[in-house]
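Every number in this text was worked out from the coordinates using simple rules, so none of it is lab data. Nothing here was measured: the structure is a model prediction, and the numbers come from that model. Cβ placement follows ideal geometry from the backbone for every residue including glycine, while neighbour counts extend to all protein chains displayed.
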Amino acid sequence: MLKLAIDFGTSVTKIYKIGSGIVLAEATCVAVDKETGEIRAFGNEAKRLLGKTAEQTAIRFPVYEGEIVSESLGAALLEYFLGKVTGGSWGRTEALFCVPCGIAPDAREKYYRVANSAGLSRVYFAEAPFLSALGQDVPLSDSNPVFVIDIGAGCTSIAAFSLDGIIAGLSMNVGGNNMDIHIIDHVAEQFNLKIGSLTSEKLKNTVGSFLDSDNQSMVVNGRDIGTGRPRSVSVTSPDIMFPIRVYVDKILEYAELILKKLPAEVSAAVCKGGAYLSGGVCRMMGLSGYVADRLQIETHLAEEPQMAVVLGGGRTVGNSALLHRIRLS
């Protein structure tokens, strides 16, 4: 039987196949004809069209802030991805979906319906913090509490947990996409320049930093708000520090609340073990140190932060005993 772990994320979908490793990482995105509803492009090809399409084509994201908002588009996109990674045959497949911490039953049901519509009949779910820890080779047991912060594009999951279950945790609709939108507004205000979402995302990933001494720069192209003409400016790390930091600060506010709720013994174990960080946003320079300073605990950054959750999913779906322990009912 084919076994897959699927992280159907707000920005990027990752798929892990037992025996092959990570076999797909593509944008969770489709290009749709507004009149007919026909899908014209999937994944990365669709995302490249963002901001460049004619009026009759719309770019849609079936997953928003960790929740499926279009089941029909989500099923079509998932079916396309499954075709790419399986060669066209996935009838006998066991799939584990990575979902946000504390996902509501009705939101989880949407994932289940999408999976069924895409042709997956045997589906399980596990929460992101568990999978993030497993993807970082963190030892899990009933008596060893672990603290994880996973910051994705549309959703952040924070939890203290052991194999016995989540002790305290939550998911919040804050992530990299909020930063991208705020960077667009910030560049417009600071430089009188209108930039698109792809440029904003690239700017964040290229020069975004939590190091006060960092002064990396990137030339961005956009439209002058006053004249309407194309113009270029050089944007540095300090220029976009505020629209990035404000959302990380909000995430850390909630992380501090969770830490304060922990029983004394759990708190002592977490203080000793530190915080494990994952998610694409955590690749930014200096973020790990910034979190350590704010929370006053040691931090551990995943080797590939953006892949930690799906890697953990792969290790779980291939281990029936572990899958039984951490899957949601």
- Estimated 222 nm signal from helices in the chain, with DSSP H stretches of n ≥ 4 weighted -39500 (n - 2.57), rounded to 500: -11500 deg cm²/dmol
- Query: To the nearest 0.05, what FRET efficiency results for Gln296 and Ile166 with a Förster distance of 25 Å applied to their C-beta separation?
  - Reply: 0.65
- Hey, got the dipole for region 246-324? About the Cα centre, +1 on K and R Cβ, -1 on D and E Cβ, debye to the nearest 20? 140 debye
- Message: If you restrict to DSSP beta bridges whose two residues both lie in region 11-167, what percentage is antiparallel, to the nearest 5?
- Response: 80 percent
- Note on the structure: Counting only residues 5 or more apart in sequence or on a different chain, those whose built amide H sits under 5 Å from that of Thr57 are Lys34
- Task: Using only the Cα atoms of region 204-329, build the gyration tensor, take square roots of its eigenvalues as a ≥ b ≥ c, and label the shape rounded, prolate or oblate: rounded if a/c is under 1.5, else prolate if a/b is larger than b/c, else oblate.
- Result: prolate
- Message: Compute the orientation-averaged projected area for region 176-239 from the convex hull of its Cα atoms and round it to one decimal in nm².
- Response: 3.9 nm²
- Message: Can you tell me, using C-alpha contacts under 8 Å and at least 6 residues apart, the relative contact order of the chain as a whole percent?
- Response: 19 percent
- Item | Dipole of the chain [Lys/Arg +1, Asp/Glu -1 at C-beta], most positive-end residue of Trp90, Gly66, Gly289 | Trp90
- Message: For a quick check of your reading of the filter: which GluC sites (Glu not before Pro) in region 1-81 sit in a DSSP loop and have no more than 11 other Cβ atoms within 10 Å?
- Response: Glu35, Glu38, Glu55
- How many angstrom lie between the C-alpha centres of region 1-38 and region 69-107? 7 Å
- Using Cα pairs closer than 8 Å and at least 6 residues apart in sequence, work out the relative contact order for region 175-272, in percent. 26 percent
- Task: Could you tally the net charge around Val233, taking each other residue with its Cβ under 11 Å from the Cβ of Val233, Lys/Arg +1 and Asp/Glu -1?
- Result: -1
- Here the percent of antiparallel bridges among DSSP beta bridges lying wholly in the chain, to the nearest 5, is 70 percent
- Message: Quick one: 3J(HN,Hα) in Hz for region 240-250, Karplus 6.51/-1.76/1.60 with θ = phi - 60°, rounded, Gly and Pro as x.
- Response: 10, 4, 4, x, 8, 5, 4, 7, 5, 4, 5
- Check the straight Cα-Cα distances from Lys34 and name the lysines below 24 Å, setting aside those fewer than 8 residues away within the same chain. Lys47, Lys52, Lys110
- Note on the structure: Amide H proximity to Thr13 below 5 Å, modelled H, separation 5+ or other chain, gives Glu26, Ala27, Thr28
- Item | Lys pairs under 19 Å by Cα in region 150-266, provided they are eight or more residues apart or on distinct chains | 5
- Message: Given Cβ point charges of +1 (Lys, Arg) and -1 (Asp, Glu) and nothing else, what value in debye, to the nearest 20, does the dipole of region 4-43 about its Cα centre take?
- Response: 180 debye
- Item | Rounded to the nearest 20 debye, dipole of region 176-239 from Cβ charges on Lys, Arg, Asp, Glu | 340 debye
- Query: For region 1-89, which trypsin sites (Lys or Arg not before Pro) are in a loop by DSSP, counting at most 16 other Cβ atoms within 10 Å?
  - Reply: Lys34, Arg48, Lys52
- Query: Taking a ≥ b ≥ c as the square roots of the eigenvalues of the Cα gyration tensor of the chain, is the shape rounded (a/c under 1.5), prolate (a/b larger than b/c) or oblate?
  - Reply: oblate
